[in-house]
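Report on the following structure.
Computed from the coordinates by the stated procedures, all read-outs in this text should not be read as laboratory data. Keep in mind the model is a prediction, meaning the values are calculated, not measured. Positions of Cβ are backbone-derived with ideal geometry, glycine not excepted, and every protein chain shown enters the neighbour counts.
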Amino acid sequence: MSPIQSTVASLPSSSAEADASPISDRRAYRMSSLDILRGLVIVVMALDHVRDFVMIGSLQDPTADPSIGPLLFATRWITHFCAPTFVFLAGTSAGLMARRKRPSELASFLLTRGLWLIVLEVLVISPAWSFSPTGIADFGGRSYVALQVIWAIGASMLVLAGAQFLGRRACLVIGAAIVLGHNLLDAVWPAASTTGSTGPLWAVLHARQLYEVGPFRVFFSYPLLPWIGVMFLGYGSAGVFEQPAKLRDRWLLRIGIGLLVALIAVVLLLALPRRPVISSAHHERVWPRSTQGSSRFLMGRSRCWPSNRFTVPPMLC
């Protein structure tokens, strides 16, 4: 027997077994129910984006036409659940991350992640939507920059980076106040503008605005304030997801059903005579509040779904 064979033979069997053991999952802290819900929302969002491009020469907002067919109406209506779920779960993930990181580390993570998402929205996603990064003739040769949900998530992360020092409970209270009360600003806030005649820059907190700056035409499609509130709610709700599975599911089901009942009551009130149909022109501010019940209900039931995870971009979680 050679010296090498003798050395190998003399190794304890426990050491050999330890060396052969599989490497532990470094992302084992992830919750499969959150990933499954993200994956489901991505599928629904893809439906809306396909409809956008297929109907580019037709009606872009089926929910604004009372005579539209129910199936086409549903392809737009259901996508109102996408952005609120993404933003809420981004806040929840940040709240769960607070268990593993010091506040200063979490602030640094949220700052860099938020800035990266905004850069991605401006330099990659927006040009991909227009297919014309060098300028559009109808816009006077200006490059079109649409700040949508990725911008809303990134900018909300920047705000959360500072607010998380206040703690989960404070963020939950602030988030609830924003989501429930931000529409009270409608009477005093500058009106939304999509024509280039815009209000001051701070108006983007609560109203869509369009700015033409040099060679760029920048459209703030998602007013920022309500999305900050939704992310704060997600961050403050992270404690629910740290509970044992049965208790967590019970809480999520109760909260989800309660919010769905509240949503139905609000819709019935809005359906009273002389009230206009809610169109997607308002969903960036109205739907962050009204779609939270269904997402919590789905999270409460997702533990019963198959455990295979959807792969999601790590920048969103």
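Laid out as a table, the results:
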quantity	calculated
Against the rule of thumb 2.2 N^0.38 Å, how large the Cα Rg of the range 24-143 comes out	1.39
Neighbour-count ranking [beta-carbon atoms within 10 angstrom, fewest first] of Phe219, Phe165, Phe131	Phe131, Phe165, Phe219
Footprinting exposure proxy for Tyr235, Tyr144 (fewest neighbouring C-beta atoms within 10 Å first)	Tyr144, Tyr235
Largest-first principal axis extents, alpha carbons of the range 96-186, Å	50, 35, 15
About the Cα centre, charge dipole magnitude for the range 86-221 (Lys/Arg +1, Asp/Glu -1 at Cβ), debye	640 debye
